Amino acid sequence: MFITLSIIYLALLAFIAWRRRAWLPDALVPGLLALLTAGFFWRVVSGQNYMPADGGDLGSFLYPTYSFIQTSLKAGVWPLWNPHIYSGVPFAAEVQSGILYPPHLLRFLLGPALVYRDMELLAMAHIWWAGVTTYALVRGLGLRRGPALFAAVAFMFSDVFIIHFGNLNLIAVISWLPLALLGVHRALLGGGIRWALGAGLALGIGSLVGHVQMTLYGLMAIGLWVVLWAVLTRDDIHWRRLVTAVLVPVAITLGLLAPVLLPGLQMAGLTDRADWNYVQTVGFSLSPAQLIGLLVPGFFGRGPAFHWGLWPRVEVGYIGVITLLLALLGVFMKRDRLTWLLVGLAAISLAFSLGIYSIVHGWFTWLLPGLEQLRAPARFIFLFDLALAILAARGLQALIEPWTEASRIAFDSVWRFLRTILLIALAVGIPVIYAILLLTQMGDPALFLRTSISTIAIVGFILLLAIGMALLYARRREWVSPGVFVVLAIALLFIDLASLGAYQDLSDTDPTANFNRQTIIDFLRSDPEPHRIDTSTGIDDLWQPDTALLQGLEDTSGVANPLTLSYYLDFMRSTGSRSSDLYALLNVKYLLGRKDVVLEWDAWELAFAGDPDLNVYLNRRFQPRALLLGRAISVPDLAAAQDVVRQPDFRPLTAVVLEGGEAQEYDAGRVTRANWGVNDAVVSTESAEPGALLVSQVWYPGWEASIDGGPWRPALRADGVWQAVQLSAGSHQVRLRFRSPSFLLGLAIALLTLIVVAVVWGVSYRKRDATTSS
């Protein structure tokens, strides 16, 4: 894949050199950014290390999820349901699956089987793409190539991309935002509706990767850009442009995202997250104490191994010392509308990132629907970084333009301020921190370690500040030419960001190794009978929670997910013990535990001990996934069903509680055959009297049943959690299938959105041609 893309890129360069030579310098930038990305992550690219050290979401969640998608698609199945974790979950409602994201979909369909190294490459590719789109944005704002390249490097290697390397979906959505902002800005300048359409397409396509929070943040960024522009141009407001620049991108983004958003909203209402309040929303706020990280990112320990403090480790917005210096110069040397827009954008985004520490976040949460369901406000710091990167690019451009009296005065004012800061740091800061280091040397080892970490970080900041100021002074004295100054500034920036960020979260151990305990996997696969496993025995450090998803097994649990169905969690809590009848309905045949695990040994026995760390235990009370029961209890709703199930005298292996079904009391029949697919199942039954087919697969709106080829009807919910179908006496073939009406509706909306965009684009193009010809 890499070789193919490289050949395509080189061929494109050759074509541009032949037909559009003026474009060649800009066309070379993506290649240069790719080289910088490889240089930044050289220890990962070379295969020496893995990133993040523990895999993060990239390893524990996205890798098995993407592998499941690829396996299903190559088998000719579009996965709407995921039978492998949590006893079955609606995959169409998995907002982070990324199955509709065009780059990922092509990789799933055309590439070889995914491995973890591919996931790292996808993360690096989107960091590269963030640089490319930022370069395009800054060039579109009228800046030269050198400053635009500086902004690209600053943003693509800024704190949010390093801290969230393992959160591919998050950084992927962010990587498309600069293109969206370029379209919005051009629309505000009167470039026409096509720029607004392009903005919506950029953010909409990027949002399909699946991170609703960052999509909402992206829409907020568009709204803030337009509002600030309106405030700054209040004497010359073009209302039509303003409305077009905000409403068109929002409508297109939401339209394209509908296949992800509609099923996700449906499922969110059935999870515990629906009951979140503001306290949960402000989790992972950026503490004011952490703002020192804008200057000294390692003060509280930047990587997870050395982080300390009462607050959680979050992104602190570090974007390089030279970036801060140039951004300050950009504010004082380029005092125009765009500067104040960027300053306002930075100020608001920083205030929002503070979360619980700033009332601004509360206002936004109160006014914008859906924001109260999304925690970690510190992530909004990415917009602060983007604004700073653009301001720094404007400062850099000011320094390479001919000097004027006004620019000299502005520079000298900033220079005096920076010189004072540097002198204070040298005269006071360094002696104080070394004195503290000496005082803690013989005390608490933890305190000494933290002091050492902070000392290294502060001295590094002072060194970078001194080098950056020396470079600025050299340019002020015109000791270096504009071209050399730009190269040196970009080099210093890259060395700064790479030195402080590239090594923060690495490991030489494969974080996905525990997906591959092959002897256990082979043993479980050797059992042909449909069954589930129970891995909720405190073995996450030995067995990845989503291993079943990657290896084609089926588990009663999975990786921790706040969007787990609440009624399934309620049922799990009501099972009581692993020897109860309710637990038997989970279809658990095997349990994985440590060698010294304590179980109820009257219900369990050792089945496999061939792994050095884990044993596999057989459930003596195992029950098949489909049961034909003679007794049915009818209840009106979920609450009533849960009340019956919790009664001590309820016998779940002989009776079923049906919501909306008919009460019955007959002898039980039997299931003669059952076949299970990803989105469907076929069960054959025999009974002398009417019965209720209980299927131990989680019920969810969209499951339908057809009896003997008859019409499809919604499956009943049984025992508050499972699926059920009531049958008459005799032999029957019951077909079950999952359909997601909300996904289909969302898909129709997305297609309609694309059609409307194409039509409007075409009409706009014809109008432009007609205007030009006249």
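The values are calculated or read from the model by the stated rules, or taken from the named source; none is laboratory data. Given the structure is predicted, the values throughout are model-derived calculations rather than measurements. Don't worry about glycine lacking a Cβ; one is built from the backbone with ideal geometry, like all the others, and counts go over all protein chains shown. Keep in mind that these areas ignore ligands, DNA and RNA; they rest on the heavy atoms of the full protein, side chains included. Shrake-Rupley method; radii C 1.70, N 1.55, O 1.52, S 1.80 Å.
The overall shape of segment 143-224 is oblate: from the C-alpha gyration tensor, with semi-axes ordered a ≥ b ≥ c, the ratio a/c is 1.5 or greater and a/b is no larger than b/c. Accessible surface calculations at 1.4 Å, restricted to protein heavy atoms, place the chain at 42 Å² per residue.
Averaged over all directions, how much area does the convex hull of the C-alpha atoms of segment 1-50 cover when projected, in nm²?
The orientation-averaged projected area of the Cα hull of segment 1-50 comes to 3.8 nm².
Helix 430-440: angle to the longest alpha-carbon principal axis of the chain, degrees 0 to 90, nearest 10? In the chain, helix 430-440 runs at an angle near 40 degrees to the longest axis. For segment 486-554, the list of chymotrypsin sites (Phe, Trp or Tyr not before Pro) that fall in a loop by DSSP and count at most 13 other C-beta atoms within 10 angstrom reads Tyr503.
What's the ranking of 80-89, 577-586, 165-174 by average number of surrounding C-beta atoms within 10 Å, highest first?
Numbers: 80-89: 24.1, 577-586: 18.5, 165-174: 26.2.
For the peptides 80-89, 577-586, 165-174, the packing ranking is 165-174, 80-89, 577-586.
May I ask for the angle, rounded to the nearest 10°, between helix 24-40 and the longest principal axis of the chain, with both axes built from Cα atoms and the value confined to 0 to 90°? That helix lies at roughly 60 degrees to the long axis.
Computed per residue of the chain from DSSP H runs no shorter than four, each worth -39500 (n - 2.57), the mean residue ellipticity at 222 nm is -17000 deg cm²/dmol. Distance between the modelled labels on Ala22 and Ala663, one decimal in nanometres: 8.5 nm (7 Å Cα→Cβ projection). Rounded, prolate or oblate: which one fits segment 292-383, using the alpha carbon gyration tensor with axes a ≥ b ≥ c (rounded when a/c is under 1.5, else prolate when a/b beats b/c, else oblate)? Oblate. When the Cα positions of Ala607, Leu569, Ser579 are compared along the charge dipole of segment 568-614, Leu569 comes out farthest toward the positive end, with charges on each C-beta of Lys, Arg, Asp and Glu. Between the entries (i) 49, 42, 22; (ii) 54, 32, 23; (iii) 60, 33, 24, the label attached to semi-axes √(5λ) of the Cα gyration tensor in Å calculated for this structure is (ii). Within the chain, what's the longest run with no GluC sites (Glu not before Pro) in a DSSP loop and at most 16 other beta-carbon atoms within 10 Å? Give the range, please. Between the exposed loop sites, the longest stretch runs 1-477. For segment 460-512, trypsin sites (Lys or Arg not before Pro) meeting the loop criterion (DSSP other than H, G, I, E, B) and having at most 12 other Cβ atoms within 10 Å: Arg477. Loop-located chymotrypsin sites (Phe, Trp or Tyr not before Pro) in segment 655-727 (DSSP state not H, G, I, E or B) with no more than 16 neighbouring Cβ atoms inside 10 Å: Tyr666, Trp712.
Expressed as a rounded percentage, what relative contact order does the chain have, with Cα pairs under 8 Å and six or more residues apart? Present the calculation step by step, with values, prior to reporting the outcome.
Numbers: 1326 pairs, mean separation 112.7, N = 774.
So the answer I get is 15 percent.
For the chain, the longest principal axis of the Cα atoms and the long axis of helix 321-333 meet at an angle of about 60 degrees.
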